[in-house]
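Novice: First, the structure itself, so that you have it in front of you.
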Amino acid sequence: MTAGTDEVLSFDEAMEKYDPVLGFEVHVELNTRTKMFSSAPNAFGDVPNTNVTPVDLGLPGVLPVVNGVAVESAIKIGLALNCSIAEKCYFARKNYFYPDTPKNFQTSQFEDPIAYDGSIDIELADGTVFTVEIERAHMEEDAGKLTHVGGSTGRIQGAEYSLVDYNRAGVPLIEIVTKPIEGAGARAPELAKAYVAAIREIVKNLGVSDARMERGNVRCDANVSLRPHGREQFGTRTETKNVNSLRAVEHAVRYEIQRHAAVLDSGTPILQETRHWHEDTRSTTSGRPKSDADDYRYFPEPDLVPVVTDEAWIETLRASLPEPPAERRKRLQADWGYSDAEFRDVVNAGVMTSIEDTVAAGVGAVAARKWWMGEISRRAKLADVEPSELGVTPELVVELQGLIDAGKINDKLSRDVLDGVLAGEGTPAEVVEQRGLAVVSDDGPLLDAIDGALAAQPDVADKIRGGKIQAVGAIVGGVMKATRGQADAGRVRELILQRLGVEG
Amino acid sequence: MAEINRDDVAHLARLAHIDMYDDELDRMAGELAVIVDSVKSISEVAGDDVPATSHPIPLSNVFREDVVGATLTNEEALLGAPDNADGRFRVPAILDGE
Amino acid sequence: MTDLTRFSADALSRKLASKEVSAVEVTQAHLDRIDAVDGAINAFLHVNADEALRVAAEVDRARAGAETLHPLAGVPIAVKDLIVTRGQPTTAGSKILEGWQSPYDATVVSKLRAARMPLLGKTNLDEFAMGSSTEHSAYGPTRNPWDLDRIPGGSGGGSAAAVAAFEAPLALGTDTGGSIRQPGAVTGTVGVKPTYGGVSRYGAIAMASSLDQIGPVSRTVLDSALLHEVIGGHDPQDSTSLTDPVGALVEAARRGEVEGMRIGVIKELQGEGYQAGVLTRFQEALELLRSAGAEIVEVSCPNFRYALGAYYLIMPSEASSNLAKYDGVRFGLRVVPDGAPTIERVMGATRAAGFGDEVKRRIILGTYALSAGYYDAYYGSAQQVRTLIQRDFAAAFEQADVLISPTAPTTAFKLGEKLGDPLAMYLNDVATIPANLAGIPGLSVPGGLADEDGLPVGIQFLAPARQDARLYRVGAVLEALLEESWGGPLLSRAPEITEIAGGK
């Protein structure tokens, strides 16, 4: 059961015959200071079994107490997903034995999740908007961490024994469950990735989760089923676990579609089961089949009392929500007057917030985009960092642009100034000073250069005198060359026309 | 209501993670049948309009401040552990090593 | 010298305050008594002599230094071994926890320590408090001080017997279906189940979370009130803990009056199934109360006939989940079967070896009641019956201030008599269970000896939720009237244990 030896159909062929139906269960770890039901620290990476209280070890006699901040975070997530918030909801015990689960039940919610019936709009790369319906978002607790020792490569199979660290046990989780997503067709893998990215963006924007997928803050279980075109009834689904990067979500959905198609083509039914995603082979392997062994015997948690919400509490929380990412993008694009293509490029380059800050600091939207998409992005790429990580502040852009607007430097010189600033040579003004980069603005030396240029190209000078003003460019070019680019081209043009007695 | 037989008890014992021998299953099935028989009348008592009571005294919204409290040390955590290694609880293999 | 073990806690408190006796003397007297009689009684699973004497000596020093002390400082107490204690083992009467030491104290234990009451040790009980006879202890049965061949009641037979045998003036018990009150009845002692949430459950090893409640065990009503005030009150570590103040329980017990009080006789808790001698003593109690000015009314609680059925679904359901944590991973027993077993097999073997028959029976029954397909018919219906029982109580308390019934249908039966018949054993709780289902408080006081066997009979009072004070008021009156008619406390008529043990 280790190697991905399953037959797969090509994706295109699969799409010719079948419609995929998707569903997602995304677990979001909250970034509260303490755990869901105990006052142990909610922290990553500490010495094993030190962020624990008797409650987190499920010692005899312990009782849980709900973290109020986690409840508010859950409600915020529900609101951000346009869900209804339950007036009254209970915690429930989900009973199953596993060594990473200290009480051998998980405290979760069952019949009445805190948030239900929501939806979010997912924008695909080409701007297509896809609405994903949210079934529910409920509160629960994370399990401990198992390390498998012996056997090969730390996998559970063939391990001699396992070690359990309960530091993560009891970390607050919000599980977000979608309704079946139909109609994505060949965009299903892309939609899968975009959906998880959107959830990640929303919880990060809310400030309720660190949302770092590499740390397991956002984890995705992807459900996939296929049905022949034109059929209403859903096919049998599989649930792929451990899909913990955006790229993996896309690949796993694509792989399962291809695998399902091959199985269906061979005339065998799909086995309802969990599948495990393997990043190395980019394939899934069979987990365990769903069976009556999955009798979780849910019942209301008698050690916890219900959560009751009212209008006032919910509205207070709603008022505290930051602007949703999608709405913010719409607003900014409209404010800045960018085309769809321009805006998408800005978003994809990850410089939207930088531009927003730069515009707020006083630079025009067009100039701000030119800076961030141009010189700054180019340097970031060379340095292999995000543009926002390059060390360019909005204030620096304001200063650079200010120097250009004042005619002290031109576009070309501004790049040298930026280099100087990034090299730690000081403020833009200081770099201009030290590198001697100021445009020549004393008309004396300029006039000499102009006279020289006019003398060098008398026929052009004649043409200009004769009214062919557009010919002035050739003379300007000569002057710029003579001044090694340090002249202000606008001023040069003015002076040439004055010299020749022509009105610009 | 369904009878409770030996196979039911075997299934329940698996769910509850309690090994049971055949004679134990038989005995337990007999005892449970009597108990279940004596309690099953309650399923017909209350109409749909009667709400369930899961908590005897109704309370709601009992929350804790999100403030870190005292934790156990690693030694305290592992003190009662049947087996441990590397500061963690040690358990036998989770899957059969076939 | 007077035997210090014969005094009530209240009397000891006064002798200690006046420095007539020292805490060390009082504690040593009880340790000596344990030494002398516990071989016959087996009330204690652990005797905590060193620590108890150390605490007593500290109290004496503090008193010599004129420190302000709690009235019960220096009055020793025994603790049911279902309640976790640092520095002493806690077994819950089960092999699965043999040798386990809690790294934390139960909230009630912290309160005893704060009051500086020496902890004499841990008392015997039916395994995980499952039973009505203490015969289900993995450490052997406790014997009734009135007749060593008879049960001391259960599950808290150890606490009741310790108090009845003058091994401790006070003890803590836990009551899920009568485990404080029924042992009180059959040993001629006082036991109180407070309102659910009135005493913190943090650190009481859970059997059925929505029914469990810690309460006092003593020889007098006033002593229970004194102890109740020490252990009661809000605990933020128990989400079901009431925020109400404890109330003036001691004052109620001292004032003790029933003039004008309406006392409701529960029609359904008498007659068939009740021993004649129990009913005779019950009728006498009613007459005494009437003569003291109480108004005796009859109330009907028609749904009580379903209480036992609802209880034996709810209790095992919650217990099956609460006891899942005993799996050999984090604490307690681990049994490793032959070969190279998986953790799954280790859990199965550990639980098979560690739990006794009654515990297994209840876990299996609870697993059944919660399992898919049966939940609605069993657990769901039982919770509805619970509502009906609460409504019966509400109606009854419209007509009466407190309710009254025999505590148990019979006097103490012989050891082994009902071990083979679980259902007959369960019937012992028929009168005590309704209070647990409804969360209301109940108190059992000695009502005399049954004519046919000369064994103690208990009279139970029930009050509305949060009205625990009423129980002490009426309980103290009946106690005084009866003691007056007997010419002294009931326990003064108990045989001397050293004699009956020696004569065996």
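The values are calculated or read from the model by the stated rules, or taken from the named source; none is laboratory data. Since the model is a prediction, treat every value here as computed from it, not as a measurement. Here the Cβ is made from the backbone with ideal geometry for all residues, glycine too, and neighbour counts use every protein chain on show. Please note that ligands, DNA and RNA were not included when accessible areas were found on the heavy atoms of the full protein model with its side chains. Shrake-Rupley method; radii C 1.70, N 1.55, O 1.52, S 1.80 Å.
Novice: With an 8 Å cut-off on Cα pairs and a minimum separation of 6 or more residues, tell me the relative contact order of chain A in percent.
Specialist: The normalised contact order for chain A reaches 14 percent.
Novice: Continuing with this model, one more query. Do any trypsin sites (Lys or Arg not before Pro) in the stretch C:1-77 lie in a DSSP loop with no more than 16 other beta carbon atoms within 10 Å, and if so, which?
Specialist: Of the trypsin sites (Lys or Arg not before Pro), the ones in loops of the stretch C:1-77 whose Cβ has at most 16 other Cβ atoms within 10 Å are C:Lys19.
Novice: Could you point to the residue in C:Gly442, C:Met315, C:Val163 farthest towards the positive end of chain C's charge dipole, with +1 and -1 charges on the Cβ of Lys/Arg and Asp/Glu respectively?
Specialist: Positive-end residue among those listed: C:Met315.
Novice: Still on this model: Hey, how much of the P(r) for chain C falls beyond 33 Å, as a percent of Cα pairs?
Specialist: Beyond 33 Å sits 33 percent of the P(r) for chain C.
Novice: Also, I was wondering about something else. A:Glu425 to A:Ser84: extension gain in nm, 0.36 nm per residue of separation minus the Cα-Cα distance?
Specialist: 117.2 nm
Novice: Would you work out the Kirkwood radius for the stretch A:443-500? I mean one over the mean of 1/r across all pairs of different Cα atoms, in Å.
Specialist: In the stretch A:443-500 this quantity evaluates to 10.9 Å.
Novice: Counting only DSSP beta bridges with both residues in chain C, what percent are antiparallel, rounded to the nearest 5?
Specialist: DSSP beta bridges in chain C are roughly 65 percent antiparallel.
Novice: In Å², what does the accessible area per residue of the protein assembly as shown work out to with a 1.4 Å probe?
Specialist: Per residue, the protein assembly as shown has an accessible area of 38 Å².
Novice: Quick one: with all protein chains in place, what share of the accessible area of chain B is carbon or sulfur, to the nearest percent (1.4 Å probe)?
Specialist: Whole-percent figure for carbon plus sulfur exposure: 48.
Novice: Excluding same-chain residues fewer than 8 positions from A:Lys94, which lysines have a Cα within less than 17 Å of its Cα?
Specialist: A:Lys103, A:Lys290, C:Lys325
Novice: In the stretch C:103-140, which residues have a backbone nitrogen under 16 Å from the label point lying 7 Å from C:Glu67's Cα in the Cα-to-Cβ direction?
Specialist: From the stretch C:103-140, the list is C:111-119.
Novice: Tell me the label-point distance for the pair A:Asp265, A:Asp405, using the 7 Å Cα-to-Cβ offset, in nm and rounded to one decimal.
Specialist: Inter-label distance under the simple model: 6.2 nm.
Novice: Can I ask one more? For the pair A and B, how large is the buried accessible area, both sides, in square angstrom to the nearest 100, if the probe is 1.4 Å?
Specialist: 3600 Å²
Novice: For the stretch A:148-193, which trypsin sites (Lys or Arg not before Pro) are in a loop by DSSP, counting at most 14 other Cβ atoms within 10 Å?
Specialist: A:Arg155
Novice: If I histogram all Cα-Cα distances within chain A using bins 20 Å wide from 0, what percent of pairs lands in each bin?
Specialist: It works out to 18, 40, 24, 14, 4, 0, in whole percents.
Novice: May I ask for the distance between the Cα centers of the stretch B:1-24 and the stretch A:1-44, given as a whole number of Å?
Specialist: 35 Å
Novice: Among the lysines, select those whose C-alpha is under 29 Å from the C-alpha of A:Lys408, and discard any that sit fewer than 8 residues away in the same chain.
Specialist: List returned: A:Lys370, A:Lys381, A:Lys481.
Novice: Give me the accessible area buried between chains B and C, both sides summed, with a 1.4 Å probe, in Å² rounded to the nearest 100.
Specialist: 4700 Å²
Novice: What share of the DSSP beta bridges in the protein assembly as shown is antiparallel, in percent to the nearest 5?
Specialist: Around 80 percent antiparallel, to the nearest 5.
Novice: Right, something else. Report the GluC sites (Glu not before Pro) located in the stretch B:1-88 that are in a DSSP loop and have at most 14 other Cβ atoms inside 10 Å of their Cβ, or state none.
Specialist: Answer by residue number: B:Glu3, B:Glu65.
Novice: Considering only protein heavy atoms and a probe of 1.4 Å, how much of the accessible area of the stretch C:364-504 is carbon and sulfur, as a whole percent?
Specialist: That fraction is 51 percent.
Novice: Still on this structure, please answer the following. So if I take the centroid of the Cα atoms in the stretch A:228-293 and the same for the stretch A:396-439, what is the distance between those two points in Å?
Specialist: One Cα centre to the other: 57 Å.
Novice: Something else now. Sort C:His234, A:His260, B:His17 by heavy-atom solvent-accessible area, probe 1.4 angstrom, most to least.
Specialist: Final ranking, largest accessible area leading: C:His234, B:His17, A:His260.
Novice: Same structure again: Points 7 angstrom from Cα along the Cβ direction at C:Leu423 and A:Val129: gap in nanometres?
Specialist: Taking the simple label geometry, C:Leu423 and A:Val129 are separated by 6.6 nm.
Novice: Dipole magnitude of the stretch A:348-504 about its Cα centre, charges +1 at Lys/Arg Cβ and -1 at Asp/Glu Cβ only, in debye to the nearest 20?
Specialist: 700 debye
Novice: Another question, then. Using just the C-alpha positions of the stretch A:49-198 as equal point scatterers, what log10 of I(q)/I(0) does the Debye formula give at each q in 0.11, 0.21 1/Å?
Specialist: Those come out to -0.59, -1.17, one per q.
Novice: Further question: Using a 1.4 Å probe on the protein heavy atoms, what percent of the accessible area of chain A belongs to carbon and sulfur?
Specialist: Its accessible area is 48 percent carbon and sulfur atoms.
Novice: Further, regarding this structure: So how do C:Lys80, C:Lys325, A:Lys330 rank on accessible area, 1.4 Å probe, biggest first, that is with the largest at the start?
Specialist: A:Lys330, C:Lys325, C:Lys80
Novice: According to a simple spin-label model (label point 7 Å from Cα along Cα-to-Cβ), what is the distance in nm between C:Arg54 and A:Ala186?
Specialist: 7.8 nm
Novice: Taking Cα centroids, how far is the stretch C:363-410 from the stretch C:125-159 in Å?
Specialist: 25 Å
Novice: Apply 1/(1 + (r/R0)^6) to the Cβ-Cβ distance of C:Ser492 and C:Ala395, taking R0 = 51 Å, and write down the FRET efficiency to the nearest 0.05.
Specialist: The formula returns an efficiency of 0.80 here.
Novice: For A:Phe105, list long-range residues whose amide hydrogen, built 1.01 Å from N in the peptide plane, is under 5 Å from its own amide hydrogen.
Specialist: Residues meeting the amide H criterion: A:Tyr96.
Novice: For C:Ile500, C:Ile389, give the ranking by accessible area with the largest first, probe 1.4 Å.
Specialist: Descending order: C:Ile500, C:Ile389.
Novice: Please check the stretch C:61-106 for residues whose accessible area, probe 1.4 Å, is lower by 50 Å² or more when all protein chains are in place than in their chain alone.
Specialist: Hits at the 50 Å² cut-off: C:Pro103, C:Tyr104.
Novice: Could you tell me what percent of the DSSP beta bridges with both partners in chain A are antiparallel, to the nearest 5?
Specialist: Here the share of antiparallel DSSP bridges comes out near 95 percent.
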